[in-house]
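Enquirer: Have a look at this one.
The values are calculated or read from the model by the stated rules, or taken from the named source; none is laboratory data. In this text, all values refer to a predicted model and were calculated from it rather than measured experimentally. So basically every Cβ, Gly included, is an ideal-geometry build from the backbone, and we count neighbours across all protein chains shown. Heads up: the accessible areas ignore ligands, DNA and RNA and are worked out on the full protein's heavy atoms, side chains in. Shrake-Rupley method; radii C 1.70, N 1.55, O 1.52, S 1.80 Å.
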Amino acid sequence: MNFNSQVVFLLSALGAINGIFLSLYFAFFSKQKTKTNYFLGALLFVLSIRIIKSVFFHFNPNLSQTFIQLGLSACLLIGPFLLLYVRAALNEKPSWNSNWGYHILPYVLLAIAAWFFIPYRSHRALWSPYLVRSIYIIWLLYILRCGFLLAPLLKKLFSRKSKLNDFEVLLISIYIGVAIIWLAYFTSRYTSYIVGALSFSFLYYVLLLMAFFKKNKNSIIFEIEVKY
């Protein structure tokens, strides 16, 4: 591995590893035990698993096929957790004990079934490109659904009459970031497979800088929950 490859590996891998630590923070150490933080933590976790798989596969094509399937399976949950995070941030139902399971359990069961009946190691021709493309289409449908929910904020983003508050900026940034990561993976055949991982790292560090340079140190943007 030459120096340029080492730099790319370091930048992409660190973003994913830090994403896992941040997801654990939201799940176990955040002061505000809200479903917004829990869903954000879950979203960061599945994104990080997907990114780590991409990084290691890019630099080691002989990566364990079990680990490859784990990363692809995590993609199934990116869209659902993005939608649940957006809904929670907008204070929209469902609540804990209602519809959230409809977005998670079917994909969890689907991923488990795939491990037993069509494992990647013995059905690679089926996974690539058919199942992989299907996973990306599901991810895209959830992105479009979230875009519909966030339409008022996206409109506000380009309006001169009103400004987004800190939490709205975070919400829009995460949504756009997830959409960019999807686009990077979906078009990787024309660019490079590592672009998705670099996009995630870029998003992660931009959000950290946003938090670091806030004038009000007592109000970190990750901890604010706003009612619209």
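Enquirer: Evaluate E = 1/(1 + (r/R0)^6) for residue 122 and residue 63, where r is the Cβ-Cβ distance and R0 equals 25 Å; express this FRET efficiency to the nearest 0.05.
Expert: The computed FRET efficiency comes out at 0.95.
Enquirer: So, by mean Cβ neighbours within 10 angstrom, what's the order for 166-172, 59-65, 30-36 with the highest one leading?
Expert: Descending packing order for the listed peptides: 166-172, 30-36, 59-65.
Enquirer: Follow-up question, since we're still on this one. How many angstrom lie between the C-alpha centres of the range 100-148 and the range 8-80?
Expert: The range 100-148 and the range 8-80 have Cα centres spaced 16 Å from each other.
Enquirer: Shifting gears a bit: If you take the beta carbon distance between residue 105 and residue 132 as r and set R0 to 25 Å, what does 1/(1 + (r/R0)^6) give as a FRET efficiency, to the nearest 0.05?
Expert: That pair, residue 105 with residue 132, gives E of 0.70.
Enquirer: When only Cα pairs under 8 Å and 6 or more residues apart are kept, what is the percent relative contact order across the range 31-90?
Expert: Over the range 31-90, the number comes to 53 percent.
Enquirer: Could you compute how much accessible surface residue 56 exposes when probed at 1.4 Å, giving the result in Å² to the nearest 10?
Expert: Rounded to the nearest 10, the figure is 90 Å².
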